[in-house]
Amino acid sequence: MAQQQSAPAAARFLLPSGHAVGAFRLIVSIALTFLGLIAVTFVIGRVVPIDPVLARVGDRALPEVYERVRLEMGLDRPLYEQFWLYLQKILQGDLGTSVITSRPVFEDILHFFPATIELATFATLVGVLIGIPVGVAAAVYQGRLLDHVIRVLALVGYSVPVFWLGLMGLLLFYRHLDWVAGPGRLDIFYDGLVDPVTGLMLIDTALAEEWDIFWNAVSHLVLPTAILGYFSLAYICRMTRSFMIEQLRQEYVTTARVKGLSEFRVVWGHAFGNVMVPLVTVVALSYASLLEGAVLTETVFAWPGLGLYITQSLFNADIDAVLGGTIVVGTAFIGLNLLSDILYRVLDPRTR
Amino acid sequence: MSLAAPSNRRLRDWLLADVPQSRWQARVGRFYLGALEFGRNPMAVAGLTMVVLLVVVALLAPLLAPGSPFEQDLTRRLQPPSAQNWLGTDELGRDIYTRVIHGSRVTLYMVILVAIIVAPIGLLVGTVSGYLGGWVDNVLMRITDIFLAFPRLVLALAFVAAIGAGIENAVIAIAITTWPPYARVARAETLTLRNSDFINAVRLQGASSLRIILRHVAPLCVSSLIIRLTLDMAGIIITAAGLGFLGLGAQPPAPEWGAMIARGRDFLLDQWWVATIPGIAILIASLGFNLLGDGLRDVLDPKQR
């Protein structure tokens, strides 16, 4: 729901003051949001009932060692200094060390993030390629049977718990029909055969020209993509429908019809052109929400992405890893918000 | 219906009067028109039915399912649906029908708690921000925007990590990530009221800002907030179930739908009913609220259609 407000929020920056001022305000607002994100994770990190010093030295360390590490970590300083240190560390890409993998959290995330990107990207593709035409169709046939069917299907997509739908998909398409592969990114016996170059399984296997593994990866990707894509489709379709309905009511559409243009050209040539700008914003925001929706989907499909990393770290009380993951997802969110704002300014001729 | 009795006809005329005799009549008449409009929308009526069903089931849970949702019968583990256990049994031999029925109470409890926390916070932040304006407005709205830009589920996860799992903590985590839109709605509403004559009149009588905000502005924002809440209910239900599924919300043996799905996951391939049935319950609850919210928006904001 929050997403719907972003178009006016973007428009706020575009008011008469001109581009430079708008850009400046945009930068300030992004910086403040990022600072807010860091502040929230900082607070969470302090509230956690886990002693960060104990976590590092172990509970059998001597008191002197404990004290020395405490001083090293700067935990004796005033809070604002601690926050400043924390901020500096994060800006340098230091998100702490994972207790479980004993590697820097940043490296862990670099390792897990591509799987999430792969999932979210393909799901967004599904959402765009199906959601937009379907949404346009619903708008054209507004109030008729087709429209009602599409609206209900989209609402179900909004309402269904994605983790449950994933389980049902596995039950039907993996267990009973055997059309797709089960959880994970590859069958176990293919694991580790391909060097991770980009981390994106389809690209890596294609680069290595391992076509068997490529098709295996596709078969693993289809179901989680479809499930997550349905969610994205529901959102994109709904927004497309309401944008299109607004356009089809305008007078220029009537003019185009009176001129004798075919309905196809009226809809796709005239009305849709004006819908594209806000739609770009919608797609960017939908992509952001998929990065998040991936948390539950990845759990269901044992998909080794950032979401699975965050939840598993959570159960192992690996707080640096949880907060690191939160910061990365949050930053991606902020980045995509910024991107959609910028695209809105660049694409909408009225803002020039 | 065309043969309506005269008294019905008089009632209808009274409701649709062009010149209502009292404020009450006008209000009832407007409500009647809205209800007619709402009733013409089959999806909205279906949604209302589902929500009413959910509430009735939660209220009458002990009557509808007399057994205890915690009662185990290890001799009857993982039984498929049958006459004795309508929806089968789970891995501890508990009756799934009973647990799903009682689960509606857990879900409603969480949803209502979130609403009780979120609406007043949003109302307070929004009205203060909108009424006072200036730097207060700037600061409060900046904070609201920051929270709006966060990924909600991930942030809720991080909060639960900090304060521990459990129903109440999950509620707090959801509330922390849900309040910003309410502040925005309340602020927008306040801005339209702020310079109206009756507020000016109260101000000239010497009422303090606090009094104006609490007694005169805030009550008028409540109805927009309620609509917004209806629209958000489905999202809250799904987030709560998601946290339960991850093991971060309601803890076993509570009959929470998301947690039940998580348990059923281990038996998914051979005992499908354990995971499937609680999911259908979640779907019905959240779909009901979504349909209802959609219908309400159609009635109250015809522009959106």
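Key figures
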quantity	calculated
Contact order relative to length of chain A, as percent, for alpha carbon pairs under 8 angstrom and 6 or more apart	25 percent
Förster radius 45 Å - calculated FRET efficiency between B:Ser208 and A:Leu153, Cβ distance, rounded to 0.05	0.30
Share of alpha-carbon pairs per 20 Å distance bin for the protein assembly as shown, given as whole %	16, 48, 31, 5, 0
Folded to 0 to 90 degrees: helix A:63-72 orientation relative to chain A principal axis, Cα	40 degrees
Compactness of the stretch B:173-305 as Cα Rg over 2.2 N^0.38 Å, two decimals	1.50
Fewest-first sequence of B:Leu36, B:Leu287 by Cβ atoms within 10 Å of each Cβ	B:Leu36, B:Leu287
The stretch A:140-273 - percent relative contact order, Cα under 8 Å, separation 6 or more	30 percent
Kyte-Doolittle mean at least 1.0 and Cα axial length at least 20 Å: DSSP H helices in chain B	B:42-59, B:96-132, B:218-245, B:273-300
Nearest-ten-degree value, helix A:79-91 long axis tilted from longest Cα axis of chain A	60 degrees
Residue with peak Gaussian network fluctuation, chain B [Cα springs, cutoff 10 Å], from B:Ala259, B:Ala207, B:Ala175	B:Ala207
Cα-based equivalent ellipsoid, the stretch A:50-155: semi-axes from gyration tensor eigenvalues, Å	53, 16, 13
Order of B:Thr192, B:Thr178 under a 10 Å beta carbon neighbour criterion, fewest first	B:Thr192, B:Thr178
Kirkwood Rh in Å, taken over all unlike Cα pairs in the stretch A:98-141	13.0 Å
Calculated diffusion of chain A, Stokes-Einstein form, Kirkwood radius summed over Cα pairs, 37 °C and 0.692 mPa s, µm²/s	142 µm²/s
Nearest 10 degrees, 0 to 90: helix A:272-301 Cα axis against chain A principal axis	40 degrees
Rule-of-thumb Rg ratio for the stretch A:154-279 [Cα; 2.2 N^0.38 Å; N residues]	1.55
Approximate shape of the stretch A:274-352 as ellipsoid semi-axes (Cα gyration tensor, √5λ), whole Å, largest first	33, 13, 5
10 °C / 1.306 mPa s Stokes-Einstein diffusion coefficient of the stretch A:253-311, Kirkwood radius on C-alpha pairs, µm²/s	111 µm²/s
Alpha carbon centroid spacing (whole Å) that separates the stretch A:77-116 from the stretch A:131-159	44 Å
Three-way shape call for chain B based on the alpha-carbon gyration tensor, with the a/c threshold at 1.5	oblate
Simple label model, 7 Å out from Cα along Cβ direction - B:Leu16 to B:Ile163, nm	5.2 nm
Dimensionless Rg/Rh of the stretch B:124-217 - Kirkwood Rh, Rg from C-alpha atoms	1.13
Charged-residue dipole, Cβ positions (Lys, Arg, Asp, Glu), the stretch A:251-352 about Cα centre, Debye nearest 20	720 debye
Cα-based convex hull volume of the stretch B:203-250 per residue, rounded to whole Å³	88 Å³
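Each value in this text was obtained by applying a stated rule to the coordinates, not by laboratory testing. From a predicted model like this one, the values you see are computed outputs, not experimental measurements. Quick reminder, even Gly has a Cβ in these numbers, built from the backbone with ideal geometry, and neighbours come from all protein chains shown.
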